[in-house]
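The values are calculated or read from the model by the stated rules, or taken from the named source; none is laboratory data. Since the structure is predicted, the reported quantities are computational estimates derived from the model, not experimental observations. Virtual Cβ from ideal backbone geometry, glycine too; neighbours counted across all protein chains shown.
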Amino acid sequence: MQILYFLVQLSGAVLLLLFAVRMVRTGIERATGPRLHRAVGKTRSPLPMMASGLLMAMVLQSSAAVALLVAGFAASGGIGFAPGLAMVLGGDLGSAILIMLFSFHLEALVPLLLTLGGLIFLRANTSRWKQAGRILVGIALILIALRYLREAVEPIRDSAVLPALAAYLERDFVTAFLAGAALAFIMHSSVATILMTVAVVGLGAIPLAAGISIVLGANLGSTVIPVWLTRHSEPAARRIPLANLMLRGSAAFICATAIDALGLPTLPYTLGESGTLVALHIAFNFGVLVLIVLATPLEALLRKAIPDAPLDHEAKPLHKSHLDPGTTDVPVRALASLRREVIRMADVLSEMLAPLMELYQNYDPVRAAAIFDEDAVLNKALDDIRIFVAEMPQHAMPKDQKRELRALVDYAIALEAAGDLLVKRLLDLAKEKSDRALEFSDEGYAELTVLHSRLSQNLATASSVLVSNDLIGARQLIEEKAEMARLERKTRKAHLKRLSAGNDRSFSSSDIHIETAYTLKEMHSWVVTVAHPILVREGQLLESRLADGAKA
């Protein structure tokens, strides 16, 4: 009976810990919104990227989340292999530092965090303050879960079962190592796994040697998570998580094997066993950072092992319609089919948009023709949607289904309009720039790249909002619309300053620069219209921007 009670207590503590970590991560993601994703897309040298990854992992409470973000940007060409790998390795170190912060005994702060966080969440009028309250409550729950975990283990520490298990794990490093890897993978959180291990080692329930093997295994398990989740993604998205697994996973296995063969080195135990375990975890991840020197040969190896898919525009799944004519008489199924089709249109537009800035630098008629072909896919999709909707029994549909139908059709029209802007304006401007052998200034090209990156990222966010009907995401998209307009004004002013300063390259390419920036902003306005029906439904979108009571 004691064992059953212990398992129930332990399960409750572990699940509370997982929930609390997820709660803090969700609060931070919702508070930072697209700004968090833009931080990943800034391609820089490896050392600053390591620092960015470190901060990002501490913000997201997860090194695996950083790896998934980087993989997504690598798939769209927004980040290179070496900077991306550097950011992922930095994220691993950031996760280790976060564990150190949570391992401190801060139970005295729990009442304050719960009170302050709860009041902020309940009384705040803005989303960001509400998320700040969520974060404080989540941190308090993490501390409660760790205390609960220690209390659950304490009664069974001197029983016959736990000491026998601890002694076995101390002798058999392979089992302890694999147990740590399995726990991290199953829980989808190395932070929770290692915090749990640190708490148990601190009680003396498991010896330090076994704890080290479990923590090293958790390092391996956390690298497997993004590899597993990106297994069906583009080759570019799979390479960086796989490289992280090869570097950090093999380093963890080598360290565990060395400790098993040579024994633990003489360590200063002034930090206590739990503090020593945390320090060793940080030291391990800090040492792994030097493996970034292997990025170049590793990239070459992975490009051979996972080559880019050949361009075959006819066989692409994105060019196949999701509309099912047999569902038009069942509105619920028809709307689901229509939603999938509109999401496909968004994915096609994303593919069309990805190589745009490369075409501005080096215009390639073959790639431009491929984009024109994809625009034809968008046009046909919209035509098919019109026919599909015309066959639906709209007179028999309730108001909420009619409203959803109109929103989906309106967004399909918006995506097709954005595609037309891309092929009829932007590609023509890229071709004109190439034909006239014009060059942007370095500053001008960087400004346009920022606008393009912002548009690409918010197109992905719009697809997520289309799937989830997320109110917070919809508000962020509208905020991004204002930010995009501000960036377009900023680049226009900076461009005029360069003209005044006599920059020859800016003068010759002035028309193309200004029109490109404006068109990117106009495309962005179409993309974010997915948010309008959601905000109207919730009463959070004003009908007019005119001030009330203004005199004619």
Query raised in the report: In region 491-508, is there at least one residue being surrounded by 18 or more Cβ atoms within 10 Å (Cβ to Cβ) and within 30 Å of Ile343 (Cα to Cα)?
Result: no
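Residues checked against (1) touching a helix residue (DSSP H, G or I) at 6+ places or on another chain (Cβ under 6 Å); (2) crowded, with 24+ Cβ neighbours inside 10 Å; (3) assigned by TED's automatic domain parsing to the domain that holds Ala74:
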residue: Ser189; (1), (2), (3): yes, yes, yes
residue: Gly204; (1), (2), (3): no, no, yes
residue: Ala209; (1), (2), (3): yes, no, yes
residue: Ile214; (1), (2), (3): yes, yes, yes
residue: Asn219; (1), (2), (3): yes, yes, yes
residue: Trp228; (1), (2), (3): no, no, yes
residue: Leu242; (1), (2), (3): yes, no, yes
residue: Leu245; (1), (2), (3): yes, no, yes
residue: Gly249; (1), (2), (3): yes, no, yes
Requested in this report: Could you grab me the full set of residues in region 300-351 that are modelled with pLDDT of 80 or more and among the small types (Gly, Ala, Ser)?
Outcome: Ala300, Ala305, Ser321, Ala334, Ala336, Ser337, Ala346, Ser350
**Report entry** Residue list for region 102-115, filter: in a helix (DSSP H, G or I) and under 29 Å from the mean Cα position of the chain (by Cα)
**Finding:** Phe102, Ser103, Leu113, Leu114
Query raised in the report: Looking only at region 386-408, which residues are touching a Lys or Arg at 6+ places or on another chain (Cβ under 8 Å) and over 15 Å from Ala336 (Cβ atoms)?
Result: Gln394, Arg403
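Conditions tested, residue by residue: (1) within 22 Å of Ala192 (Cα to Cα); (2) in contact (Cβ under 8 Å) with a residue 40 or more places away in the chain.
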position	(1), (2)
Ser222	yes, yes
Leu245	yes, no
Ala256	yes, yes
Asp260	no, yes
Ala300	no, no
Report task. Check Asp428 against each of (1) in a helix (DSSP H, G or I); (2) touching a residue at least 12 places away in the same chain (Cβ under 8 Å); (3) acidic (Asp, Glu) and name the one condition it does not meet. Result -> (2)
Query raised in the report: For region 410-438, which residues satisfy the criterion of being in contact with a helix residue (DSSP H, G or I) (Cβ under 6 Å, 6 or more places away or on another chain) and more than 17 Å from Ala370 (Cα to Cα)?
Result: Tyr411, Ala412, Ala414, Leu415, Ala417, Lys433, Leu438
Query raised in the report: How many residues are closer than 23 Å to Asn469 by Cα and either β-branched (Val, Ile, Thr) or under 33 Å from the mean Cα position of the chain (by Cα) (or both) if we restrict to region 379-401?
Result: 6
Report summary line: If you go through Lys490, Lys521, the only one that is assigned by TED's automatic domain parsing to the domain that holds Glu358, over 30 Å from Arg403 (Cα atoms) and modelled with pLDDT of 90 or more is Lys490
